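The values are calculated or read from the model by the stated rules, or taken from the named source; none is laboratory data. Given the structure is predicted, the values throughout are model-derived calculations rather than measurements. Neighbour counts run over all protein chains shown; Cβ positions are idealised from the backbone, glycine included. Each accessible area value is taken on the protein alone, full model and side chains, heavy atoms only, with ligands, DNA and RNA left out. Shrake-Rupley method; radii C 1.70, N 1.55, O 1.52, S 1.80 Å.
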Amino acid sequence: MTYKLHLISYISMTSLTGLRVIDAATLFAGPSAAMLLADFGADVIKIEHPTRGDPARGHGASADGVGLWWKTLARNKRTAAVNLSTTEGQLIIRELCADADVLIENFRPGTLERWGLSPADLQAINPRLVVARMTGFGQHGPMSRQPGFGTLAEAMSGFAASTGEPDGPPVLPPLAMADGIAGLAMSYAIMVALRARDETGRGQVIDMAIIEPIVSILGPQMTAYKMLGTIPPRTGNRSSSNAPRNTYRTRDGRWVAVSTSAQAIAERVMHLVGRPDLAEQPWFQHGRGRVEHVEELDSAVATWIAERDADEVIDSFEQAQAAIALVYDVSDIAQDPQYEALQTFVELDDDELGATTVQNVLFRLSDTPGEVRWLGPPLGRHTDDVLAELSYSAKRIAELRESGVVA
């Protein structure tokens, strides 16, 4: 009852209040999509295994045995521990989906079907249900039933092959990058499907392979390959589209990143570092030409920056209206005034950890802003509440808990 009253009081402040999402996915891609919906008011019910929970609980740093990544990933969600491999657990999911708008899942293709929970089965109960299926390789094709993680997507997408130094090995990112991109894409896909439902009255199935969204952000690599036969090389911190673009070390040992994607910016940089003669060359007038002379351009910028401390470099670039930024680690982010002005991070009082800082909602809406209302809860924290909303009696809930179906 407390939760319902809180939800009612929140109606005027959020965009997605009234939307119910069943998050039956694990790890990062599917759950991050659900997190983005929860941030703007959707009632997200996170389904976890009664004993194992979501493996994301154990990923990354922890404090007092509590996973910190989990605190963000499961924020604004209610967590119910239900064993979906049991008949009783499958019944609970059917009952939840009967009144839900979205089910997000990432089981291997065929698993839901084996449990009698296929999209067709669930949409027979609730024709308005959107079933969002997030898997490594999609629902079809020769790899569809293989286990797939973001690391494999980063390898198969062409990202790793084009990342790293020219004479070095392919480089994988030190984070769940492909999962994060897929989560963003899935949240968008869900909203598209819900918009279509406004017109048709019917839900539909979303088939998203984690290997695909990351391909989309790598640009027209396939188009260029098909038309020109080109394969993107590893260029380190340089760009294959424009120059100068790199990280440079200052006299006092700091690192700065410089970008010259716009022609006017490139010209300002060369005037600033005392090489206007380079900006006057015919080849300098477009990105391709500058890339062909990258060694000369990089040398001019690197030499000028190496002779000055970081503060002077930043100030000079800003006065010249050229694009530059210090290379931050998280300690720099914590005290940066721009992030503070944007309120990029928010501190909440968590039941397990006390005062805890997490990243705020992803974007700002002028009329219906989202909000981090609570952090990732302990396993099964809301099981009784969720089952009570399905009219399960306290006695029946106790029986399910005793049999291991819920926790």
Of the residues 322, 355, 306, which is modelled with pLDDT of 95 or more and under 15 Å from residue 263 (Cα atoms)? 322
Helices (runs of 4 or more DSSP H) enclosed by segment 173-284 - at least 3 residues per element that are farther than 27 Å from residue 26 by Cα and open to solvent by less than 30 Å² (accessible area, probe 1.4 Å): 263-272
Quick one: is residue 178 touching a Phe, Trp or Tyr at 6+ places or on another chain (Cβ under 7 Å) and among the small types (Gly, Ala, Ser)? no
Within segment 293-306, can one find any residue that is assigned by the TED database to the domain that holds residue 94, within 30 Å of residue 174 (Cα to Cα) and surrounded by 14 or more Cβ atoms within 10 Å (Cβ to Cβ)? no
Among (1) open to solvent by less than 70 Å² (accessible area, probe 1.4 Å); (2) part of a loop (DSSP other than H, G, I, E, B), which single condition is residue 79 missing? (2)
Check 99, 39 and return the single one that is open to solvent by 30 Å² or more (accessible area, probe 1.4 Å) and either aliphatic (A, V, I, L, M) or closer than 30 Å to residue 365 by Cα (or both). 99
Any residue in segment 109-127 that's assigned to a loop (DSSP other than H, G, I, E, B): show its pairings with residues that are open to solvent by 20 Å² or more (accessible area, probe 1.4 Å) and among the charged types (D, E, K, R) at Cβ separation under 6 Å, as long as the two are six or more apart or on different chains. 109/145; 127/202
Among 141, 164, the single one that is in a loop (DSSP other than H, G, I, E, B) and open to solvent by 40 Å² or more (accessible area, probe 1.4 Å) is 141
Enumerate the pairs (first residue in segment 255-269 and within 15 Å of residue 305 (Cα to Cα) and at pLDDT 95 or above; second residue anywhere and open to solvent by 10 Å² or more (accessible area, probe 1.4 Å) and charged (D, E, K, R)) with beta-carbon separation below 6 Å, excluding pairs fewer than 6 apart on the same chain, so at least 6 apart or on different chains. 255/249; 259/245
Does segment 311-332 hold any residues that are in a helix (DSSP H, G or I), surrounded by 14 or more Cβ atoms within 10 Å (Cβ to Cβ) and not polar (S, T, N, Q), and which are they? 312, 313, 314, 317
Segment 351-407: number of residues that are of a type in the set (Gly, Ala, Ser) and open to solvent by less than 30 Å² (accessible area, probe 1.4 Å): 4
Going by the structure shown, is residue 26 within 30 Å of residue 393 (Cα to Cα), assigned to a loop (DSSP other than H, G, I, E, B) and among the hydroxyl-bearing types (Ser, Thr, Tyr)? yes
Report, ordered by the first and then the second residue, all pairs with beta carbons closer than 7 Å, sequence separation of six or more or different chains, a first member in segment 68-90 that is outside the structural domain of residue 386 (by the TED database), and a second member that is assigned to a strand (DSSP E or B). none
Does at least one position in segment 124-132 carry a residue that is within 19 Å of residue 181 (Cβ to Cβ), open to solvent by less than 20 Å² (accessible area, probe 1.4 Å) and assigned by the TED database to the domain that holds residue 39? yes
Exactly one condition in (1) surrounded by fewer than 24 Cβ atoms within 10 Å (Cβ to Cβ); (2) closer than 18 Å to residue 132 by Cβ; (3) touching a helix residue (DSSP H, G or I) at 6+ places or on another chain (Cβ under 7 Å) is false for residue 93; which is it? (3)
Residue 158 passes all but one of the listed conditions (1) free of Cβ contacts under 8 Å to residues at least 60 places away in the same chain; (2) part of a loop (DSSP other than H, G, I, E, B); (3) more than 25 Å from residue 380 (Cα to Cα); the exception is number (1)
Say whether the condition of being out of contact with any helix residue (DSSP H, G or I) (no Cβ under 9 Å at 6 or more places or on another chain), aliphatic (A, V, I, L, M) and under 30 Å from residue 88 (Cβ atoms) is met by at least one residue in segment 290-302. no
List the pairs whose first member sits in segment 298-309 and is over 10 Å from residue 244 (Cβ atoms), whose second member is assigned to a helix (DSSP H, G or I), and whose Cβ atoms are under 6 Å apart, counting only residues at least 6 apart or on separate chains? 305/313
